[in-house]
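Written out below as structure tokens is the structure these notes cover.
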Amino acid sequence: MLDLAQKCGVRLRQSYRRVAKHAAIRIGRYLHAHQFKRATRELRFLRFRLGRVIRSYDGI
């Protein structure tokens, strides 16, 4: 989705690309260690950020 915005020349105020990448890495680590509550918390964090990015597209 962020790549699509760049191709169309849309400037986002925040992309959360770096933050989302690290959150995805942490989810994988937590699942591997059977720390499911922590993984779920990180997944909620990712969904929350994705929702913000999607809403920033709506104004375009």
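The values are calculated or read from the model by the stated rules, or taken from the named source; none is laboratory data. Please read these numbers as outputs of a predicted model, since none were measured by experiment. When we count neighbours, we look across all protein chains shown, and the Cβ atoms used for this are built from the backbone with ideal geometry, even at glycine.
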Worksheet item: Among all residue pairs at least 6 apart or on different chains, which show Cβ distances below 7 Å where the first residue, located in segment 29-45, is closer than 18 Å to Val19 by Cα and the second is among the basic types (Lys, Arg)?
Response: Tyr30/Arg38; Glu42/Arg26
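Just checking, does segment 8-24 include any residue being at pLDDT below 80, touching a Ser or Thr at 6+ places or on another chain (Cβ under 7 Å) and of a type outside the set (D, E, K, R)? First the steps, then the outcome.
Here is the first cut: in segment 8-24, the residues at pLDDT below 80 are 8-15.
Then drop every residue that is not touching a Ser or Thr at 6+ places or on another chain (Cβ under 7 Å), which leaves 12-13.
Then keep just the ones that are of a type outside the set (D, E, K, R); that gives 12.
Yes: one or more hits.
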Worksheet item: Does Tyr30 fit the bill of being among the aromatic types (Phe, Trp, Tyr) and either over 11 Å from the mean Cα position of the chain (by Cα) or exposed (fewer than 10 other Cβ atoms within 10 Å of the Cβ) (or both)?
Response: yes
